[in-house]
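Okay, structure first, notes after.
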Amino acid sequence: MKILHKVSVLAASVTIGLVSNAALTNSPVLAQQVRFACKTVNGAPTTVIKKNEWSSVRQMIRWTLQGATGDYTPQRRCEEVTGRLNQSFTQGSQYITHGIMNKQPVICITDKKGNGCQHLLLTLVNHSNRPNPKAVLNDLFSLNDRNFSSNAPLREGSCSVYVNINALIQGKQVIASEVCTSI
C-alpha cells in the first residue's frame with residue numbers, strides 16, 4: 001500500500017565505501033563524519049546522506065508530492081526535515097519512528113527503540129481520512145519484509161516501526177524493527 005505515491009526513496013545505486021562495522025550506536029565521532037543535506041537529484045529535492053570519506057552521497061528521501069504535508073513545497077519540506085535530521089542525529093538520536101505529537105500524526109526521531117517521539121521530523125496532514133503514520137513511514141523508506149530484523153508472527157497490540165539511521169548510513173538491508181506493546 002502506497003500512501004504517498006509520489007514521495008519515493010531511492011536505493012543508492014552508487015557503490016559507496018564501506019562504513020566500519022562498529023556497533024550501531026551514534027557516537028560523537030560518527031555524528032561529526034555524517035551530515036544530511038538537501039540536494040536536487042533528477043529535478044527533485046532529495047534528502048541525502050553525506051559521509052566525509054565518501055566520494056558521493058547516498059539518497060535517502062525524494063520529496064516530490066506537493067501538498068502531502070500541508071502547505072509545504074517539496075523543497076521547503078526537504079530543507080526542514082534535513083535540518084531536523086542533522087540536529088537530532090548530532091544529539092544522539094538514532095531511530096526514525098512514528099507517533100502523535102500535539103495531537104497530530106507525525107514522523108519523528110528518538111534515541112532508542114521502544115521510546116516515543118522525542119524530536120519532530122515531519123507532521124502529516126490531518127484530514128478527516130487521517131493518514132496512518134506507520135504506513136507513511138513504511139512508504140518513505142520503501143520498507144518490506146526483507147528490511148525488518150525479524151519475521152515475527154502477527155502480534156496483538158500496538159506496534160511501532162523503528163528505522164535505524166546508522167543502518168541506513170551503512171547501507172544495510174535490515175534497517176527496521178517493530179516494537180509492540182501488549183493490549
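Say the cut-off is 23 Å between C-alpha atoms; which of Lys112/Lys172; Lys112/Lys134; Lys103/Lys134; Lys39/Lys113; Lys50/Lys103; Lys50/Lys172 go over it?
Numbers: Lys112/Lys172 18 Å; Lys112/Lys134 17 Å; Lys103/Lys134 16 Å; Lys39/Lys113 29 Å; Lys50/Lys103 33 Å; Lys50/Lys172 16 Å.
Those over the limit are Lys39/Lys113; Lys50/Lys103.
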| field | For segment 55-119 versus segment 33-52, the gap between their alpha-carbon centres in whole angstrom | value | 14 Å
| message | Between Gln173 and Ile100, what is the label-point separation in nm under the 7 Å Cα-to-beta-carbon projection? | response | 3.7 nm
| query | Between Ser149 and Thr123, 0.36 nm times their residue separation minus their Cα-Cα distance comes to what? | reply | 6.7 nm
| Simple label model, 7 Å out from Cα along Cβ direction - Asp111 to Asn52, nm | 2.4 nm
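Read-outs: derived from the displayed coordinates by stated rules, not from any lab. The shown structure was predicted, so the numbers you read here are calculated from the model rather than taken from an experiment. Note that we place each Cβ from the backbone using ideal geometry, even for glycine, and neighbour counts take in every protein chain shown.
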